[in-house]
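Following: one structure in structure tokens, then a few remarks.
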Amino acid sequence: MRNYELTCILHPDLDETAFNEALEKIKGWITESDGKVEKVDNWGRRKMAYMIRKQLEGQYFLIHASMLPATITEMERKLRLLEPVMRYMFVLVN
């Protein structure tokens with residue numbers, strides 16, 4: 001297992017329940033693939049450097065997780081299909 005940081009930007013118009021639903025879905029995908037969620041940091045609503053999907057703000061969060069490298073591809077596919085996710089980025093932590 002390797003340690004990763006997953007940074008996601010969700011649509012700014014989501015209410016708290018929809019935001020938590022999307023976050024729980026992502027955490028569920030990590031645990032389903034035999035991964036472990038270490039920590040979740042909610043950075044809140046922030047202004048972005050450029051427009052994404054006609055939005056200038058987004059709701060940011062950071063997930064520290066341990067996963068197998070083979071599961072990253074499947075996670076990326078699922079994140080692309082999850083409607084509230086505007087951008088995401090996986091970073092390998094040493």
For this session: Kindly express, to the nearest 10 degrees and within the range 0 to 90, the angle between helix 71-81's C-alpha long axis and the longest C-alpha principal axis of the chain.
Result: 20
For this session: Compute the label zone of Val93 within region 1-36: residues whose backbone N is under 20 Å from the point 7 Å along Cα-to-Cβ.
Result: 1-10, 23-36
Exercise. Excluding the sites themselves, what is the longest stretch of the chain that contains no trypsin sites (Lys or Arg not before Pro) in a DSSP loop with at most 16 other C-beta atoms within 10 Å?
Worked result: 1-52
Exercise. Name the residues of region 75-94 whose amide N is less than 11 Å from a point 7 angstrom out from the Cα of Glu38 along the C-beta direction?
Worked result: 92-94
Seminar exercise, completed: Expected vector for region 13-25, Karplus 3J(HN,Hα) from phi with 6.51, -1.76, 1.60 and θ = phi - 60°, integer Hz, x for Gly and Pro, equals 8, 6, 7, 4, 5, 5, 4, 5, 4, 5, 5, 5, 5
Exercise. Using the Kirkwood formula over every pair of different C-alpha atoms, what hydrodynamic radius in Å results for the chain?
Worked result: 13.5
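Values in this text are rule-based calculations from the coordinates and carry no lab data. Computed from a predicted model, the values in this text were never measured in an experiment. Positions of Cβ are backbone-derived with ideal geometry, glycine not excepted, and every protein chain shown enters the neighbour counts.
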